[in-house]
Amino acid sequence: MIYIEPQLLERVNTWLTPTFDLDTQNHIKDLIATRPKELKESFYKNLEFGTGGMRGIMGIGTNRINKYTLGKNTQGISNYMHQIFTNEALKVAIAYDCRHNSKSLAKIVANVFSANNITVFLFEDLRPTPELSFAVKHLNCQCGIVLTASHNPPEYNGYKVYWQDGGQLVPPQDAEIISVINSIDYSDVKFTPNEKLIHFIGEAVDNAFIDAAVQNGSFNTSKTAKDQLTIVFTSLHGTSITTVPQTLANAGYNKVHIVEAQRKPDGDFPTVKSPNPEEPEALKIAMNLAKEINADIVIGTDPDSDRLGVAVRNLENKLVILNGNQTMILMTHFLLQQWQSKGKIKGKEFVGTTIVSTPMMEKLAKSYNVSCKIGLTGFKWIAKMVNDFPNLDFIGGGEESFGYMIGDFVRDKDAVTATLLACEIAAQTKAEGKTLFEKLIDLYLAHNFYKERLVSLTKKGIEGAQEIKQIMIDARENPLKTVNHSKVIKIEDYLLSESKNTITGERTKIKIPKSNVLIYYTEDGSKIALRPSGTEPKIKLYISVNTTLSRIEDFKATETLLESKIDAILRDMKLT
């Protein structure tokens, strides 16, 4: 007889009632009889909203993505919408990516909304996440949903919720909606659709989105400069193939070479280990094509097309992948230059970034007399800044994890418009006789050479979650006093909303929402952030170091020095 903990048994028994279909019940019975560990993993908790919505493994149970967990969430959101928008005609837009079951799950979500007398605009086929953000405002919806697990492995799917401004859920709506969801039973979910309220959308919204991307991502690049830029693009089997090629064509870029082996959307992502443009392996096929045709720039997007990886030619003319911080710096600098050249910087503008991204963003903004707002990890916080500072003009914003947002016509990271922006910068820079890599070095010469590295430690399952929790507890109870022989001078604890000067003992309040993040600042200018991922079973360490760079000839030696410093920090923290 297999022992099942009482609390777990209560959850499991709920799923063995007639509320759930027979296939689900039979699957659970099989788990009880033959796979008790998988049963526990599937039911030990409710799948929760993290930094990028709700994301998890597909399967049966409360801790899995399935018809019932998504149905309950959708029923809760429907109830909330009726409470908040009392005298309005309720509308929601729904999109989905290339993952297994995304299309069928999107239709289930549409069914539940329609059953609750909410008009649904459902994309006829897969579309990029930024297009969903755009569609929410374009169609005057109060809510938007996209079925995606971004760059997670093939067994994952997810559910992102957007509000009427086109941005993801943020306080107080997130907590209020979660409270409503938790107050209902699975038996309350209305799965029977009102098909008359479900409207399929496609080309008209596509054209409006692409037009807006071209308008916001183009900056007077000459036809000659565009014609001289050779681009390699890969959609990594994802949704960007539906919009990026057309966006580049409409903007006047004709030398675009698409990686054919990765053109077709496929939830198995057969040509890569991970469809994550942060991983060099994901861009390997594109890089090989670029070498063959002597391309200037390589761009790859993740499955839902909100993040992009960029590769450019270095000082030795070899293709190298820029990290997210470097791409963000180049894009922000270019936008600041454009605004300045048009006389649009008047002291009421700002750029946005996150607490774990490069501190170089602050220095760059300051050099243009522009404010730099810093928020929590997750792009919803950058999008929220547009609402938080209505008297300021938003220029652009980015985060280290390969996301960027230009203006506010989309309220999320947007790899479609950012791909065009990257090509605009590359084309104009090439016309000046330089490369993007040289442009980046120019910024290091002006503002210090900042070098960052992200280290992710994967800790799967129940034991992994507990291990991550314990790492954070230990870090708080036994804070570091030195890192690589440099004194820790400040510790920011975002869970306690407190910043402590370790030299004077002075404590100040952190005025952004609480989050399980701990950041150390050292005497030599290093910054080390520690946080559990909100969407993956990982704990992440973000390291930033910097030093002066006096001349371009010293770049390689200085980079080696900074890399060695990061290695030393990891050894000192016993993470290598």
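The values are calculated or read from the model by the stated rules, or taken from the named source; none is laboratory data. Keep in mind it's a predicted model, so treat the numbers as computed, not measured. Glycine also receives a Cβ, built like all others from the backbone with ideal geometry; neighbour counts cover every protein chain displayed. These accessible areas exclude ligands, DNA and RNA; they are computed on the full protein's heavy atoms, side chains included. Shrake-Rupley method; radii C 1.70, N 1.55, O 1.52, S 1.80 Å.
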* Asked: Relative contact order (percent) for segment 146-299, with alpha-carbon contacts under 8 angstrom and 6 or more residues of separation?
  -> 23
* For Ser533, enumerate residues with amide H under 5 Å from its amide H, sequence gap 5+ or separate chain, H modeled in the peptide plane. => Lys538, Ile539, Lys540
* Asked: Antiparallel as a % of all DSSP beta bridges within segment 120-220, to the nearest 5?
  -> 60
* **Lys556 accessible area, assembled protein chains, probe 1.4 Å, Å²** => 130
* To do: Report, to the nearest 10°, how far helix 555-572 tilts away from the longest principal axis of the Cα atoms in the chain, using its own Cα long axis and a range of 0 to 90°.
  => 40
* Structure fact -> Under the Karplus relation with 6.51, -1.76 and 1.60 and θ = phi - 60°, whole-Hz ³J(HN,Hα) for segment 514-522, x at Gly and Pro, equal 5, 7, 7, 9, 10, 10, 9, 10, 10
* **Simple Cβ-charge dipole of the chain, Lys/Arg +1 and Asp/Glu -1, about Cα centre, in debye nearest 20** => 780
* Accessible area per residue of segment 295-342 at 1.4 Å probe, in Å²? -> 26
* Structure fact -> Placing each pseudo-label 7 Å from Cα in the direction of the beta carbon, Leu454 and Gln7 end up separated by a distance in nanometres of 3.2
* Considering amide H positions built from the backbone, and no H for Pro or chain starts, which residues 5 or more places from Ile297, or on another chain, come under 5 Å of its amide H? -> Thr230, Val232
* Order Cys423, Cys372, most accessible first, counting only protein heavy atoms with a 1.4 angstrom probe. => Cys372, Cys423
* **From phi via Karplus (6.51, -1.76, 1.60), per-residue ³J(HN,Hα) for segment 262-269 in Hz, x at Gly/Pro** => 10, 6, 6, x, 7, x, 8, 6
* Once Rh is set to the Kirkwood radius over Cα pairs, what Stokes-Einstein translational diffusion coefficient, in µm²/s, holds for segment 193-264 at a temperature of 20 °C and a viscosity of 1.002 mPa s? -> 152
* **Simple spin-label estimate for Thr560 and Glu279 in nanometres, 7 Å along Cα-Cβ** => 3.1
* Averaged per residue, what accessible surface does segment 149-264 expose to a 1.4 Å probe, in Å²? -> 43
* Structure fact -> Computed over the chain, the relative contact order (Cα-Cα under 8 Å, seq sep at least six) in percent reads 12
* Structure fact -> For the chain, the longest principal axis of the Cα atoms and the Cα long axis of helix 379-388 enclose an angle in degrees, to the nearest 10, of 80
* **Rounded to the nearest 10 Å², the accessible area of Val214 at probe 1.4 Å** => 30
* Asked: Got a number for carbon plus sulfur as a percent of segment 485-545's accessible area, 1.4 Å probe?
  -> 51
* In the chain, what percentage of the DSSP-assigned beta bridges are antiparallel, given to the nearest 5? -> 65
* Percent antiparallel among DSSP beta bridges (both partners in segment 215-365, rounded to 5) -> 55
* Asked: Can you pull out the GluC sites (Glu not before Pro) in segment 497-576 that DSSP calls coil and that have at most 15 other Cβ atoms within 10 Å?
  -> Glu506, Glu523
* **Two-site label geometry, Lys37 and Lys574: point separation in nm, points 7 Å out along Cα→Cβ** => 2.7
* **Of Lys373/Lys514; Lys223/Lys342; Lys103/Lys459; Lys226/Lys439, pairs whose Cα-Cα distance is over 24 Å** => Lys103/Lys459
* To do: Using only Cα atoms, tell me the angle between helix 284-293 and the longest principal axis of the chain; keep it within 0 to 90° and round to the nearest 10.
  => 40
* To do: For Thr224, tell me the accessible area in Å² from a 1.4 Å probe, rounded to the nearest 10.
  => 90
* In Hz, Karplus ³J(HN,Hα) per residue of segment 250-259 (6.51, -1.76, 1.60; θ = phi - 60°; x = Gly, Pro) -> 5, 7, x, 9, 9, 9, 10, 10, 8, 6
* Could you order Ile299, Ile374 by accessible surface area, starting with the largest, using a probe radius of 1.4 Å? => Ile374, Ile299
* Structure fact -> Here P(r) for the chain, Cα-Cα distances in 10 Å bins, as whole percents, is 3, 17, 27, 27, 17, 7, 1, 0
* **Efficiency of FRET from Cβ geometry, Phe191 and Gln340, R₀ 41 Å, rounded to 0.05** => 0.15
* To do: Restrict the search to segment 12-54; then list the GluC sites (Glu not before Pro) that DSSP places in a loop and that have at most 16 other Cβ atoms within 10 Å of their Cβ.
  => Glu48
* For Leu315 and Asn478, what is the calculated FRET efficiency with R₀ set at 60 Å and r taken between the beta-carbons, to the nearest 0.05? -> 0.90
* Over segment 363-507, what relative contact order in percent results from Cα pairs under 8 Å that are six or more residues apart? -> 9
* Where Ser179, Ser544 fall by accessible area, highest first, once all protein chains stay in place (1.4 Å) -> Ser179, Ser544
* Structure fact -> Given backbone amide H placed at 1.01 Å from N, residues whose amide H is under 5 Å from that of Ser497, ignoring those fewer than 5 places away on the same chain, are Ser515
